[in-house]
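As structure tokens, the structure follows; a few thoughts come after it.
The values are calculated or read from the model by the stated rules, or taken from the named source; none is laboratory data. None of the values given here were measured: they were computed from a predicted structure. As a convention, Cβ positions derive from the backbone with ideal geometry for all residues, glycine included, and neighbour counts pool all protein chains shown. Areas reflect the complete protein model, heavy atoms only, side chains present, ligands, DNA and RNA absent. Shrake-Rupley method; radii C 1.70, N 1.55, O 1.52, S 1.80 Å.
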Amino acid sequence: MSGIVIYFLIFLVTLRFYVTRRSRSRREHHKRPKLPPGSMGWPYIGETLQLYSHDPNVFFSQKQKRYGEIFKTHILGCPCVMLASPEAARFVLVTQAHLFKPTYPKSKEHLIGPSALFFHQGDYHLRLRKLVQGSLSLFALRNLVSDISAIAVSTLDSFGDGRVVNTFHEMKKFSFEVGILAIFGKLETHYRQELEKNYRIVDKGYNSLPTSIPGTPYKKALMARKRLSKILSEIITERKEKKLVENDLLGCLLNSKDEKGLVLNDDQIADNIIGVLFAAQDTTASALTWIVKYLHDNPKLLEAVKAEQEGIYKMNNKFGQTLSWNQTRSMPYTHKVVLESLRMASIISFTFREAVADVEYKGYLIPKGWKVMPLFRNIHYNPEFFSDPQRFDPSRFEVAPKPNTFMPFGSGVHACPGNELAKLEMLIIIHHMVTKFRWEVVGSEKGIQYGPFPVPVNGLPARFFKQFSNFNN
């Protein structure tokens with residue numbers, strides 16, 4: 001009998017231990033943050049097809065309406081958490097940026113180069129960012145106004161004969177030439193032509209299927225990338241031999257030494273030059289294409305911009321001067337048009353980060369290794385921050401937007417270091433475009449195409465015509 005009692009007591013103790021542990025486990029489970037709501041879509045492909053086969057605006061807005069400002073999905077083979085509020089964007093990009101590293105597909109890293117500054121965190125990134133920012137500072141840009149103006153005039157003259165042009169492609173040529181100017185200063189013609197020819201091949205394969213099969217766009221891009229390295233090596237060697245001290249980006253990269261006195265090697269310099277070219281070209285060209293469309297579609301807006309720019313042109317014409325740095329800083333209405341264009345177009349719709357550890361945000365778990373995507377476009381179109389967001393209204397920028405609600409160039413330590421150059425390009429070409437040309441958009445197709453940046457359908461076919469005004473009267 002005593003044996004039965006002992007076994008019964010052991011059973012009770014064991015049962016109590018099991019129940020207590022399970023209860024504690026349940027409490028701990030309830031305390032642990034849970035994954036955000038959302039759908040992961042089909043196995044492996046997730047919701048990639050939904051995102052890339054439809055208007056991304058619709059995809060993002062539908063998700064936000066259904067799940068709120070934080071939701072999960074699965075895109076390009078990666079589990080993702082999307083964030084659609086200013087507070088979340090600041091959390092990822094600014095206050096807790098050390099927990100989220102920049103991330104790109106390896107295929108793209110191979111084409112740009114692994115040493116490019118936006119593939120890194122830490123001291124190397126800070127060092128390279130400081131160099132790029134220094135070469136593109138307001139002080140440095142002052143000296144580029146006349147040269148950018150010359151490029152703008154030459155670009156517009158090249159297609160201002162009334163023939164139909166692809167506006168986006170023409171603006172890409174303009175932004176490429178400005179990029180070359182900012183990186184190398186005055187570069188010999190044969191170098192510039194070879195750089196452009198091979199860069200175009202790399203650019204074409206950048207968003208293609210990453211395969212090494214001969215003849216495919218990606219394989220051609222890899223081969224062109226090797227040629228770019230060779231060309232850049234020749235330019236770097238020549239600059240070193242001449243011992244020139246220049247303030248352009250190449251000069252800054254060549255003259256840089258870290259705290260140990262080490263200089264950047266040629267591969268590091270080449271990777272960062274190509275990275276800057278990629279960062280500076282398509283985004284600026286896309287924004288400029290939208291500006292052409294917005295001005296065309298809003299005659300009163302165009303007249304207001306023309307009135308401001310013709311006042312500057314008239315003064316310069318009277319005194320035999322060219323557009324100056326101070327004048328580019330005194331274009332209040334045109335500047336607001338640029339800002340509103342950047343908001344409406346939202347060229348950078350989102351950015352990719354990767355959680356380097358498990359992170360909790362507002363009670364939700366962002367697991368280590370998951371991609372994190374702050375959705376700039378959703379924030380720019382939120383009526384809480386921008387009333388009637390679908391309407392093009394430059395006057396909304398008469399008052400500065402609330403913090404972290406307007407991020408056309410990103411935010412935090414990985415924000416675009418060339419944002420002032422991009423805005424300067426836009427102001428300069430707008431000045432020459434509205435004072436010397438008129439244009440008409442060809443066709444009535446409406447819509448947006450993504451490749452990957454948003455541009456009007458077919459690159460906005462248009463005709464440009466030179467016009468002459470007598471400002472002396």
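Per-structure values
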item	result
Long-range HN-HN contacts of Leu365 with modeled amide H, under 5 Å	Lys34, Leu35
Phi-based couplings in Hz for the range 273-289 (Karplus 6.51, -1.76, 1.60; Gly and Pro marked x)	5, 5, x, 5, 4, 5, 5, 8, 8, 4, 5, 5, 4, 4, 4, 5, 5
Surface share of carbon and sulfur [accessible, 1.4 angstrom probe, percent] for the range 337-437	53 percent
DSSP-assigned coil residues among GluC sites (Glu not before Pro) in the range 336-436, each with at most 15 further Cβ atoms within 10 Å	Glu384
For the chain, the longest site-free run once trypsin sites (Lys or Arg not before Pro) in DSSP loop states with at most 10 other Cβ atoms within 10 Å are removed	1-185
Per-residue HN-Hα couplings for the range 213-229 [Karplus 6.51, -1.76, 1.60; θ = phi - 60°; Hz; x = Gly/Pro]	5, x, x, 7, x, 5, 5, 4, 5, 4, 5, 5, 5, 5, 5, 4, 4
Helical mean residue ellipticity (222 nm; -39500 (n - 2.57) per DSSP H run of 4+; nearest 500) of the chain	-17500 deg cm²/dmol
Lys257 paired with Val94, simple spin-label distance in nm, labels 7 Å along Cα-to-beta-carbon	3.7 nm
Accessible area in square angstrom per residue, the chain, 1.4 angstrom probe	51 Å²
Stretchable slack from Lys368 to Trp42, in nm (0.36 nm times residue separation minus alpha-carbon distance)	115.2 nm
The range 319-473 shape via C-alpha gyration tensor axes, a/c threshold 1.5	prolate
Solvent-accessible surface (1.4 angstrom probe) belonging to His98, in square angstrom, nearest 10	120 Å²
DSSP loop chymotrypsin sites (Phe, Trp or Tyr not before Pro) with at most 12 other Cβ within 10 Å excluded, longest remaining stretch of the chain	45-467
Nearest 10 degrees, 0 to 90: helix 56-67 Cα axis against the chain principal axis	30 degrees
For the range 222-314: rounded, prolate or oblate by the Cα gyration tensor [a/c cutoff 1.5]	prolate
Karplus (6.51, -1.76, 1.60) ³J(HN,Hα), θ = phi - 60°, over the range 392-405, in Hz, Gly and Pro reported as x	7, 9, x, 5, 4, 8, 5, 10, 4, x, 4, x, 6, 10
Of all accessible heavy-atom area on the range 79-185, the percent that carbon and sulfur account for (1.4 Å)	56 percent
FRET efficiency, 1/(1 + (r/R0)^6) with R0 22 Å, evaluated for Leu209 and Asp55 via beta carbons	0.45
Cα-based shape type of the range 32-127, given that a ≥ b ≥ c are square roots of the gyration tensor eigenvalues and the cut on a/c is 1.5	oblate
Glu354 long-range amide H proximity, modeled H, under 5 Å	Lys101, Thr103, Val372
Where a label projected 7 Å from the Cα of Trp325 along Cα→Cβ would reach, residues of the range 141-164 with amide N under 14 Å	141-148
